[in-house]
1. Any chance the stretch 13-25 includes a residue that's under 30 Å from residue 174 (Cβ atoms), touching a strand residue (DSSP E or B) at 6+ places or on another chain (Cβ under 8 Å) and either at pLDDT below 95 or outside any strand (DSSP E or B) (or both)?
2. Take the stretch 129-148 and flag every residue that is surrounded by 15 or more Cβ atoms within 10 Å (Cβ to Cβ), more than 13 Å from the chain's Cα centre (by Cα) and at pLDDT 95 or above.
3. Look at the stretch 68-93 and say how many of its residues are under 30 Å from residue 23 (Cβ atoms) and either touching a helix residue (DSSP H, G or I) at 6+ places or on another chain (Cβ under 6 Å) or in a loop (DSSP other than H, G, I, E, B) (or both).
4. Yes or no: residue 178 in contact with a strand residue (DSSP E or B) (Cβ under 9 Å, 6 or more places away or on another chain) and exposed (fewer than 14 other Cβ atoms within 10 Å of the Cβ)?
5. May I ask you to verify whether residue 151 is under 15 Å from the mean Cα position of the chain (by Cα), surrounded by 18 or more Cβ atoms within 10 Å (Cβ to Cβ), within 25 Å of residue 22 (Cβ to Cβ) and modelled with pLDDT of 95 or more?
6. Which residues, counting only those in the stretch 97-112, are over 23 Å from residue 175 (Cβ atoms) and either assigned to a loop (DSSP other than H, G, I, E, B) or in contact with a helix residue (DSSP H, G or I) (Cβ under 7 Å, 6 or more places away or on another chain) (or both)?
7. Looking at the stretch 33-55, I want the residues that are at positive phi and have a partner that is in a strand (DSSP E or B) and modelled with pLDDT of 95 or more with Cβ atoms under 6 Å, at least 6 apart or on another chain. Which pairs are those?
8. Of the numbered conditions (1) more than 16 Å from residue 153 (Cβ to Cβ); (2) surrounded by fewer than 18 Cβ atoms within 10 Å (Cβ to Cβ), residue 63 fails exactly one; give the number of that condition.
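The values are calculated or read from the model by the stated rules, or taken from the named source; none is laboratory data. Everything numeric in this text was worked out from a predicted model, so none of it was measured. So basically every Cβ, Gly included, is an ideal-geometry build from the backbone, and we count neighbours across all protein chains shown.
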């Protein structure tokens, strides 16, 4: 009887060391991809995509993670219906042919329990290029309202839109585009 109790106790203590990765689904109401660029040097334009889906896999015990995100490029929101159509045109996102953009991680680097960078492949207009997202904030805790395990993060990178066949009017309209990602994701 004592040996059974010891085995149960050892199994309970060893459990966290062998914890399986947890998959988190992006919360569509709190996950957005924003982008900004210089407009003829007069101002920095800021826009976003309203529809972003995907998953994050996290194994907190081993500091391993993966990210898979799909952006509905037709959900671009510039603040102007006319400009939304312009950005969706063939010179830029060409959403009639390429209605989505994707990011799939290839490596996530940690500093302790916190991810600090995410390397992966970004695909826009059918062109795939490697990018590195710098994680500027990260939180992993129970969601106080949903009572479920949740993660949240902000990350950023800079790309050249001409690398994705979207370089019309460059360099007058900035070729460098800052992409900022804000996600919240709940455990499945």
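1. The first filter runs over the stretch 13-25 and keeps only residues under 30 Å from residue 174 (Cβ atoms), leaving none.
No, every residue in the stretch 13-25 fails to be under 30 Å from residue 174 (Cβ atoms), touching a strand residue (DSSP E or B) at 6+ places or on another chain (Cβ under 8 Å) and either at pLDDT below 95 or outside any strand (DSSP E or B) (or both).
2. Within the stretch 129-148, just 140 meets the criteria.
3. Within the stretch 68-93, residues that are under 30 Å from residue 23 (Cβ atoms) and either touching a helix residue (DSSP H, G or I) at 6+ places or on another chain (Cβ under 6 Å) or in a loop (DSSP other than H, G, I, E, B) (or both) number 2.
4. On the way: in contact with a strand residue (DSSP E or B) (Cβ under 9 Å, 6 or more places away or on another chain): yes; exposed (fewer than 14 other Cβ atoms within 10 Å of the Cβ): no.
The answer is no for residue 178.
5. Details: under 15 Å from the mean Cα position of the chain (by Cα): yes; surrounded by 18 or more Cβ atoms within 10 Å (Cβ to Cβ): yes; within 25 Å of residue 22 (Cβ to Cβ): yes; modelled with pLDDT of 95 or more: yes.
Against the criterion (under 15 Å from the mean Cα position of the chain (by Cα), surrounded by 18 or more Cβ atoms within 10 Å (Cβ to Cβ), within 25 Å of residue 22 (Cβ to Cβ) and modelled with pLDDT of 95 or more), residue 151 qualifies.
6. So the first thing to find is which residues in the stretch 97-112 are over 23 Å from residue 175 (Cβ atoms), and the list is 99, 104-112.
If the condition is that a residue be over 23 Å from residue 175 (Cβ atoms) and either assigned to a loop (DSSP other than H, G, I, E, B) or in contact with a helix residue (DSSP H, G or I) (Cβ under 7 Å, 6 or more places away or on another chain) (or both), then 99, 112 are the ones that fit.
7. 54/26; 54/68; 54/69; 54/70
8. (1)
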